[in-house]
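What follows is a set of notes on a single structure, which appears directly below.
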Amino acid sequence: MMEIFYETKDVFQLKDMEKIAPKEKGITAMSVKEVLQSLVDDGMVDCERIGTSNYYWAFPSKALHARKRKLEVLDSQLSEGNQKYANLQKSIEKAKIGRRETEERTMLAKELSSLRDQREQLKAEVEKYRECDPQVVEEIRQANQVAKEAANRWTGMYYSTTGK
């Protein structure tokens, strides 16, 4: 359908497109309206309501300008990406300075990993003995006291209401 607009460089109404499109491009007459509306929605075809009629048009120069703008945007994004890449490469090179793989560095890395493993084991052991913690035991005692008082209150109410 875009070829019809580009070849004729003319303005059309919907009824004109419904006659021309099936003959020239083999587009079914039933789908011309939907195809035309989707092209308008995508911004490829312009539409203007004048009076009671809708007029549709698309010129090759508009498509060319749109592609040029898109190309400029993509070029700017590419140059930004290249600049970020170059900056990251410089950062990597700076980070590598002073980080040579030496025997001392390797030994320190191994020691760090073993200390981390040891810390995790100690955390697991502390968690295992958590119920023996005096603070936790005190909290349990307090919770038991509250439960006992509540039970006594309810049983007292039961006996006072039943008279037994």
Worksheet item: So Ser61 clears everything in (1) at pLDDT below 85; (2) more than 30 Å from Lys9 (Cβ to Cβ) except one condition, right? Which one?
Response: (2)
Discussion item. Among the listed residues Glu80, Glu48, identify the single one that is open to solvent by 80 Å² or more (accessible area, probe 1.4 Å), over 15 Å from Val11 (Cβ atoms) and either in a loop (DSSP other than H, G, I, E, B) or among the acidic types (Asp, Glu) (or both).
Written reply: Glu80
Worksheet, complete the sentence: Listed by first then second residue, the pairs whose first member lies in segment 9-22 and is surrounded by fewer than 14 Cβ atoms within 10 Å (Cβ to Cβ), whose partner is of a type in the set (A, V, I, L, M, F, W, C), with beta carbons under 7 Å and at least 6 positions apart or on separate chains, are Lys9/Phe59
Discussion item. Within segment 97-111, does at least one residue satisfy the condition of being open to solvent by less than 100 Å² (accessible area, probe 1.4 Å), charged (D, E, K, R) and outside any helix (DSSP H, G or I)?
Written reply: no
Worksheet item: Does Arg69 count as among the basic types (Lys, Arg) and surrounded by 10 or more Cβ atoms within 10 Å (Cβ to Cβ)?
Response: yes
Practice prompt. Just name the residue that is surrounded by the fewest Cβ atoms within 10 Å (Cβ to Cβ) out of those in segment 35-45 that are over 13 Å from Lys15 (Cα atoms) and at pLDDT 85 or above.
Written response: Asp41
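The values are calculated or read from the model by the stated rules, or taken from the named source; none is laboratory data. What you are looking at is a predicted structure, and each value in this text was computed from that prediction instead of being measured. For neighbour counting, all protein chains shown are included, and Cβ atoms are generated from backbone atoms with ideal geometry for every residue, glycine included. Just so you know, the surface numbers come from the protein's heavy atoms only, side chains and all, with ligands and any DNA or RNA stripped out. Shrake-Rupley method; radii C 1.70, N 1.55, O 1.52, S 1.80 Å.
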